[in-house]
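Since the structure comes first, as structure tokens, the remarks are kept for the end.
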Amino acid sequence: KADIILGNTYHLYLRPGLDVIEQSGGLHKFNGWTDQFLGTPTNGLQDISLTLIYQAAGIGKFLGSFHQFSSAEDSVDYGSEIDLLYVRPINKQFKALLKTAIYSAGDKDSGKVDTTKLWLQVEYSFN
């Protein structure tokens, strides 16, 4: 099964709305994992993104997202980000997760810097 999600922050604001965005993990989930845009820039933010998800039994779940950030006004290039996730079940109670985010800053006037983050975690379920 593969899913493609196309969206931008403005449409997430309109539907499903701010309350659903907050319940779903906040802007960290929607505007890239390096958290460059937890606050909206004064000239607005346009986030054009493409997300691909693939899940295979026994192998795990793969997710890849590409974001292209720009201002809603004044044509400022805020850069781009690639987010990658791999989740593999170890057994019924444990899962391993590897996640990375690579942000490439756009225009020098944007005030952003290149950022790379990496997460490695093990999850335990009490089921």
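The values are calculated or read from the model by the stated rules, or taken from the named source; none is laboratory data. The structure displayed is predicted, hence computed values, not measured ones. Counting neighbours? That spans all protein chains shown, and the Cβs are built from the backbone with ideal geometry, glycine included. Remember, those area values only see protein heavy atoms, side chains included, never the ligands or the DNA or RNA. Shrake-Rupley method; radii C 1.70, N 1.55, O 1.52, S 1.80 Å.
Here are the numbers:
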| item | result |
| --- | --- |
| Per-region count, region 39-61, residues of a type in the set (Gly, Ala, Ser), touching a residue at least 12 places away in the same chain (Cβ under 8 Å) and more than 27 Å from Lys92 (Cβ to Cβ) | 2 |
| Only listed residue being surrounded by 13 or more Cβ atoms within 10 Å (Cβ to Cβ) and either in a loop (DSSP other than H, G, I, E, B) or more than 12 Å from the chain's Cα centre (by Cα) (or both), chosen from Phe126, Phe62 | Phe62 |
| Close pairs (8 angstrom Cβ cut-off, 6 or more residues apart or separate chains): closer than 16 Å to Phe94 by Cα in region 106-127, open to solvent by 100 Å² or more (accessible area, probe 1.4 Å) and among the charged types (D, E, K, R) anywhere | Ser125/Lys92; Asn127/Lys92 |
| Positions within region 74-98 being among the charged types (D, E, K, R) and open to solvent by less than 40 Å² (accessible area, probe 1.4 Å), in sequence order | Glu81, Asp83 |
| Scope region 94-111; condition at pLDDT 90 or above and touching an Asp or Glu at 6+ places or on another chain (Cβ under 9 Å); matching residues | Phe94, Lys95, Ala96, Leu97, Lys99, Thr100, Ala101, Ile102, Tyr103, Ser104, Ala105 |
| Odd one out for Ile4, checked against (1) modelled with pLDDT under 75; (2) not in a strand (DSSP E or B) | (2) |
| Residue within region 35-46 that is surrounded by 13 or more Cβ atoms within 10 Å (Cβ to Cβ) and not in a loop (DSSP other than H, G, I, E, B) present | yes |
| Residues that are of a type in the set (Lys, Arg) and under 22 Å from Tyr103 (Cα atoms), drawn from region 54-72 | none |
| Inter-residue pairs, beta-carbon under 6 Å, first closer than 13 Å to Ser110 by Cα and in region 66-82, second acidic (Asp, Glu), 6+ apart | Phe69/Asp47; Ser70/Asp77; Val76/Asp107; Asp77/Asp107 |
